[in-house]
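Written below as structure tokens is the structure these notes are about.
Read the figures in this text as sums done on the coordinates, not as results from a lab. Remember, predicted model here, so these are calculated numbers, not experimental data. Cβ sites come from the backbone with ideal geometry, for glycine too, and all protein chains shown count toward neighbours.
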Amino acid sequence: MTETTQTEKLAVLLFTDIVGSVDIQRRLVTDRYTALLKKHDELFGVALISVNESRILQDTGEGI
């Protein structure tokens, strides 16, 4: 009889929606909005670091 190793994995799908993002981008100008979106992504990245062996599989606009 062969011995099998079980591996547990957890997948989390996070979709964030910045309410009024189109209007915010229009009012702030694209460069400022891009900087805010970058900060949004950095905050998620900081939270992700605390989870062992975690990684971002896809980053699309406001969603990660």
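If I go through the stretch 19-51 residue by residue, how many of them are aliphatic (A, V, I, L, M), assigned to a loop (DSSP other than H, G, I, E, B) and more than 14 Å from the chain's Cα centre (by Cα)?
Summing the residues that are aliphatic (A, V, I, L, M), assigned to a loop (DSSP other than H, G, I, E, B) and more than 14 Å from the chain's Cα centre (by Cα) in the stretch 19-51 gives 2.
Among the residues of the stretch 34-46, what is the count of those that are surrounded by fewer than 12 Cβ atoms within 10 Å (Cβ to Cβ) and in contact with a Ser or Thr (Cβ under 9 Å, 6 or more places away or on another chain)?
So the count comes out to 0.
What are the pairs with Cβ atoms under 7 angstrom where one residue, in the stretch 40-59, is farther than 22 Å from Val19 by Cα and the other, located anywhere, is assigned to a loop (DSSP other than H, G, I, E, B)? Sequence gap at least six, or different chains.
Leu48/Ser54; Leu48/Ile56; Ile56/Ile64
Taking interchain pairs and intrachain pairs at least six residues apart, which have beta carbon atoms under 6 angstrom, with the first residue in the stretch 17-33 and surrounded by 10 or more Cβ atoms within 10 Å (Cβ to Cβ) and the second in a loop (DSSP other than H, G, I, E, B)?
Ile18/Glu62
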